[in-house]
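The values are calculated or read from the model by the stated rules, or taken from the named source; none is laboratory data. What you see is a predicted model; the values in this text were computed from it and never measured. Note that each Cβ is placed from the backbone with ideal geometry, even for glycine, and that neighbours are counted across all protein chains shown. Quick note on the areas: whole protein, heavy atoms, side chains included, nothing else; ligands and nucleic acids left out. Shrake-Rupley method; radii C 1.70, N 1.55, O 1.52, S 1.80 Å.
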Amino acid sequence: MAAAYAFHICRNHPFIDGNKRAAVAAMLAFLNDHGWIMHASTDEALEALLALAAGKLDKSQWTKWVAEHIRPIPEPPM
């Protein structure tokens, strides 16, 4: 679902400016709220997001990329 939020915001351009930033923010907020964290370098994530925005990744490819780059949030030590 996090991937879907990012995909649709990025590709459908609901805002005049900042669609990619809004897409990432929505995705990361959703992941965090559900106990997940993105586990990709900034460069790697930027490359994937720009490919998504350029239409080089379809929804299933983007969803697969996100699924491969998320991890559960680690439990804090007691």
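Here are the numbers for this structure:
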{"quantity": "Accessible area (Å², per residue) of the chain, counting only protein heavy atoms and a probe of 1.4 Å", "calculated": "69"}
{"quantity": "Long-range HN-HN contacts of Ile70 with modeled amide H, under 5 Å", "calculated": "His39"}
{"quantity": "Equivalent ellipsoid, the range 12-57 (semi-axes from 5 times Cα gyration tensor eigenvalues, Å)", "calculated": "19, 15, 8"}
{"quantity": "Over the chain: helical MRE at 222 nm, DSSP H runs n ≥ 4 each giving -39500 (n - 2.57), nearest 500", "calculated": "-19000 deg cm²/dmol"}
{"quantity": "Neighbour net charge for Ala53 - beta-carbon separation under 12 angstrom, K R +1, D E -1", "calculated": "+3"}
{"quantity": "Surface share of carbon and sulfur [accessible, 1.4 angstrom probe, percent] for the chain", "calculated": "61"}
{"quantity": "Karplus-derived HN-Hα couplings along the range 69-77 (A = 6.51, B = -1.76, C = 1.60, θ = phi - 60°), whole Hz, x at Gly and Pro", "calculated": "10, 10, 9, x, 5, x, 6, x, x"}
